[in-house]
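The values are calculated or read from the model by the stated rules, or taken from the named source; none is laboratory data. No experiment lies behind these values; they were computed from the predicted model shown. Cβ placement follows ideal geometry from the backbone for every residue including glycine, while neighbour counts extend to all protein chains displayed.
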Amino acid sequence: MDHAVAAIAGLAARYCRAIEGSGTEPQRWLAEIAELLPRLHAALWSLDARDVPRRLWGEVDLDGRFELYAHLLTLLGERDGYWLEFDRLDGEQAMTGSLADDLTDIYCELKEGLALLAAAPQWAIHGWLTGYVHHWGQHLVDAQRHLAALSAQGRLD
């Protein structure tokens, strides 16, 4: 496995462990996520993702995904919802971003690649890149923005 892939795999594993341990250390896990996301973002940007075709992982465990989302939503409480760019222009007061949703989508994509990494590293990295380019990269950017706002407000812990 080359250095860039190993770095991404290491960050993905740390992210997944932090999410999986979120209920045991509620004061620390969100700060760890806030630290990991920019590193993961930079590691993925270091790879050449031009002209990456769309791909789909195998079967999606919708029940497991929803359970994780519900768990994170409960943990985050009032820190979950956030405004997306231009949300307030139409006069609506509903927040449209969800940190729990962002973190869940990132987790599911990274976990799927980690499961595949030992058997087929080229497919794992391909899956991470295509998912990043076409889906979870936007969740990562939105989560980073919201976590930065929470940190500035002193609400990360």
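Among the residues of region 118-141, those identified as assigned to a helix (DSSP H, G or I) and of a type in the set (Gly, Ala, Ser) are Ala124, Gly127, Gly131, Gly137. Every listed requirement among (1) buried (at least 18 other Cβ atoms within 10 Å of the Cβ); (2) touching a Leu at 6+ places or on another chain (Cβ under 7 Å) is met by Gln144 save one, (1). Residues of region 98-125 that are over 22 Å from Asp63 (Cα atoms) and either β-branched (Val, Ile, Thr) or touching a Gly at 6+ places or on another chain (Cβ under 9 Å) (or both): Trp123, Ala124, Ile125. Applying the condition of being touching a helix residue (DSSP H, G or I) at 6+ places or on another chain (Cβ under 6 Å) and at pLDDT 90 or above to region 22-34 and asking which residue is nearest to Ser151 (Cα to Cα) yields Ala34. Pairs are defined by a Cβ separation below 9 Å, a sequence spacing of at least 6 or placement on different chains, a first member in region 76-92 that is within 15 Å of Leu147 (Cβ to Cβ), and a second member that is part of a loop (DSSP other than H, G, I, E, B) and at pLDDT 60 or above; the pairs so defined are Glu78/Arg155; Arg79/Arg155; Arg79/Leu156; Gly81/Thr96; Tyr82/Thr96; Trp83/Thr96; Leu84/Thr96.
Within region 19-46, the set of residues being more than 11 Å from the chain's Cα centre (by Cα), crowded, with 16+ Cβ neighbours inside 10 Å and in a helix (DSSP H, G or I) comprises Trp29, Leu30, Ala31, Glu32, Ala43, Leu44.
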